[in-house]
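Asker: First, the structure itself, so that you have it in front of you.
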Amino acid sequence: KAGVTQTPRYLIKTRGQQVTLSCSPISGHRSVSWYQQTPGQGLQFLFEYFSETQRNKGNFPGRFSGRQFSNSRSEMNVSTLELGDSALYLCASSQGKQAHNEQFFGPGTRLTVL
Amino acid sequence: AQKITQTQPGMFVQEKEAVTLDCTYDTSDPSYGLFWYKQPSSGEMIFLIYQGSYDQQNATEGRYSLNFQKARKSANLVISASQLGDSAMYFCAMRSGGSYIPTFGRGTSLIVHP
């Protein structure tokens, strides 16, 4: 079974621009979560989608948004980029919504904002 | 609110020896799940092991075992027979109750010496 894939792997943008990151979950997984990882804040939950609906949202400004398509693929968008948005963005998929469902992570997209 | 604490920022171990990575947690919910992930320098988070709060026995997965002490609220990861490829960051995480949003610790950097 193919793992979680994320594109692109690396991205360089300038302040004020917007960016869209893509995530393809493991086949059959309906839940996709996004995380931001920085040296200062660690790993922080952004949001989670299940069957095209956002079920959970972390404490991030509205500049961070996402969506999920009918094939469970998900995209995350960040508008009006700030220097502090430089981070590793990780996507994770799981089969369902139960607490014991482990999440499988993709390789991440490393975003650098100049 | 749920909280994960990993007090060891860095650990060193000799190849083939066992090592214990500490994790303490806090939650008021009686139902929760604890996870350990490995993050090599490549960035991808790799799921290692899961322990449910109602599980009677400690979880084991190959060389990984979880020393679950519920009364002390600790969920330490034990890696037996360390290998050079075990060098990575290790994260402890928790989901409690009905919340799907996981909380991650700050991680422990493990270096395995030959």
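The values are calculated or read from the model by the stated rules, or taken from the named source; none is laboratory data. Computed from a predicted model, the values in this text were never measured in an experiment. Just so you know, the surface numbers come from the protein's heavy atoms only, side chains and all, with ligands and any DNA or RNA stripped out. Shrake-Rupley method; radii C 1.70, N 1.55, O 1.52, S 1.80 Å.
Asker: Of all the Cα-Cα pairs you can form in the protein assembly as shown, what percent are over 24 Å apart?
Answerer: Working: 11478 of 25878 pairs.
Cα-Cα pairs in the protein assembly as shown separated by more than 24 Å: 44 percent.
Asker: Can you give the relative contact order of the range B:56-114 as a percent, counting alpha carbon pairs under 8 Å and 6+ residues apart? Walk me through the intermediate numbers first.
Answerer: Numbers: 75 pairs, mean separation 14.9, N = 59.
It rounds to 25 percent for the range B:56-114.
Asker: Would you mind getting the Kirkwood hydrodynamic radius of chain A from its Cα pairs, rounded to one decimal in Å? Intermediate results must be reported in sequence, preceding the final value.
Answerer: Values: mean 1/r = 0.0715 Å⁻¹.
By the Kirkwood definition, the hydrodynamic radius is 14.0 Å.
Asker: Another one. Run through every distinct alpha carbon pair of the range A:1-66 and return the Kirkwood hydrodynamic radius in angstroms, one decimal place. Display every interim value, and only then the final one.
Answerer: Working: mean 1/r = 0.0738 Å⁻¹.
Kirkwood hydrodynamic radius for the range A:1-66: 13.5 Å.
Asker: What is the interface area between chains B and A, defined as buried accessible area summed over both chains with a 1.4 Å probe, reported in Å² to the nearest 100?
Answerer: Values: alone 6320 and 6180 Å², together 10730 Å².
Result for this pair: about 1800 Å² buried.
Asker: Ignoring ligands, DNA and RNA, please state the percent of accessible area on chain B from carbon and sulfur, probe 1.4 Å.
Answerer: On the way: 2700 of 5380 Å².
The value for chain B is 50 percent carbon and sulfur by accessible area.
Asker: Per residue, how large is the accessible surface of the protein assembly as shown? Use a 1.4 angstrom probe and give square angstrom. Kindly include the intermediate steps, with their values, before the conclusion.
Answerer: Working: 10730 Å² over 228 residues.
Accessible area per residue: 47 Å².
Asker: Of all alpha-carbon pairs in the range B:10-49, indicate the percentage at a distance above 12 angstrom.
Answerer: Numbers: 577 of 780 pairs.
When all Cα pairs of the range B:10-49 are counted, 74 percent exceed 12 Å.
Asker: How much of the accessible area of chain A, probe 1.4 Å, is carbon plus sulfur, in whole percent? All intermediate terms of the calculation are to be shown ahead of the outcome.
Answerer: Details: 2520 of 5350 Å².
Accessible surface attributable to carbon and sulfur in chain A totals 47 percent.
Asker: Given the protein assembly as shown, what count of lysine pairs have C-alpha atoms under 28 Å apart, with each pair 8 or more places apart or on different chains?
Answerer: Going through the protein assembly as shown pair by pair, I get 17.
Asker: For the range A:74-114, just the Cα atoms, rotate onto the principal axes and tell me the three extents in Å, largest first.
Answerer: So the extents along the principal axes, rounded to whole Å, are 39, 18, 15.
Asker: A follow-up question, please. When the accessible area of each residue in the range B:84-114 is compared between its chain alone and the complete protein assembly (1.4 Å probe; ligands, DNA and RNA ignored), which residues differ by at least 20 Å², being lower in the assembly?
Answerer: Residues shielded by partner chains are B:PHE91, B:ARG95, B:TYR100, B:ILE101, B:PRO102, B:PHE104, B:ARG106.
Asker: A follow-up question, please. Residues of the range B:34-77 with accessible area at least 50 Å² lower in the all-protein-chain context than alone (1.4 Å probe)?
Answerer: Buried on complex formation: B:GLU44, B:MET45, B:PHE47.
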